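The block underneath contains the structure these notes are about, expressed in structure tokens.
The values are calculated or read from the model by the stated rules, or taken from the named source; none is laboratory data. Here the structure is a predicted model, which is why all the values come from computation and not from measurement. Backbone-built Cβ (ideal geometry, glycine too); neighbour counts: all protein chains shown. Only protein heavy atoms, including side chains, enter the accessible area calculation; ligands, DNA and RNA are left aside. Shrake-Rupley method; radii C 1.70, N 1.55, O 1.52, S 1.80 Å.
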Amino acid sequence: KSSSVSSPAVAVSSEPGAVKLDVVDGACTSKVQTPDPPKGPQTVGEVSTTERTTVPAQQSEPVPPVVKETPQTEPEPPVVKEMPLPPAVLALKDKGNFLFKNGDYQAAMTTYSQALKKLGEGADMAHGRCTLLNNRAACHSKLGDCSSCIRDCTAVLGSQVDNAKAWMRRGDAHRIMERYEEAYADLQQVVFLNPSLSSNAQTTMARLVPILSDRHGPNWRSRLPKRPSVRPVAQTSVPSA
């Protein structure tokens, strides 16, 4: 008598994660059915995972090093050692001084001119040259040659802007020539520079104030010519209107 053994019915679920039963040689084995990965692109929010690109971080540009600029300074002029006057020039200078003290202004002027010609134009003789020019300007002033006096004084001030005697003589020559604005401006420099000469300068300036006021009105000071800055030696009052 033959008998047939029927295999038990096995239910297979298609749901993900269900247990799948297999019959192998009459033995029943079980496997957990895992879901197949989905086909096609997955999206996270609005961005596709297959199309997502990595944006590199923006790199900052390198900062150049800060270079401190050194202030440009003008080179100082070379120091020139002042040389004494040559014996021949010194002798002429002394002779001119003697003639001037004795009232022989014409001869003194000629002697100073000879000394200047013999001295030459060397930079190491600048002080001696200014002394001779100043002395010759005094001779011109005594002889009434105001134009020559102004010329020599201007040459002195080109090298020695703080030479109060040159400012004084030039200012007085401008006054005689009725250049009152020029005279006042020159004499004002004397007040700043030389206490011993400031009294005479202020006396002359006080006489010029009414003349300048009549000529230019109450704002006459604005009509004065410019003069280079000098370092004040004495604080003295300047006559005003």
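Heavy-atom accessible area, probed at 1.4 angstrom with all protein chains present, ranks 93, 117 as 117, 93, highest first. On a per residue basis, the convex hull of the C-alpha atoms belonging to the range 77-175 measures out at 90 Å³. Mean silhouette area of the range 140-214, derived from the convex hull of its C-alpha atoms and averaged over all directions, reads 4.5 nm². Label positions at residue 162 and residue 230, each projected 7 Å from the Cα along the C-beta direction, are separated by 1.1 nm. Modelled label positions at residue 94 and residue 197, each set 7 Å beyond Cα in the direction of Cβ, lie 2.6 nm from each other. Phi angles across the range 208-221 convert, under the Karplus curve 6.51 cos²θ - 1.76 cosθ + 1.60 with θ = phi - 60°, into 3J(HN,Hα) values of 7, 4, x, 5, 5, 5, 5, 6, 10, x, x, 9, 5, 5 Hz, Gly and Pro given as x. Sequence-ordered 3J(HN,Hα) estimates for the range 188-205 from the Karplus curve with 6.51, -1.76 and 1.60 and θ = phi - 60° stand at 4, 5, 4, 4, 6, 9, 9, x, 6, 9, 5, 5, 5, 5, 5, 4, 5, 4 Hz, glycine and proline given as x.
Solvent-accessible surface of the range 92-241, averaged per residue with a 1.4 angstrom probe and all protein chains in place: 53 square angstrom. Ordering 214, 124, 186 by accessible surface, largest first, gives 214, 124, 186; the 1.4 Å probe counts only protein heavy atoms, with every chain in place.
My understanding is that a pair violates if its Cα-Cα distance is over 19 Å; which of 101/142; 118/142; 101/165; 95/165; 142/226 do that in this structure? Too far apart for the 19 Å limit: 118/142; 95/165; 142/226. For the pair residue 222 and residue 154, the difference between a 0.36 nm per residue extended length and the Cα-Cα distance amounts to 22.2 nm.
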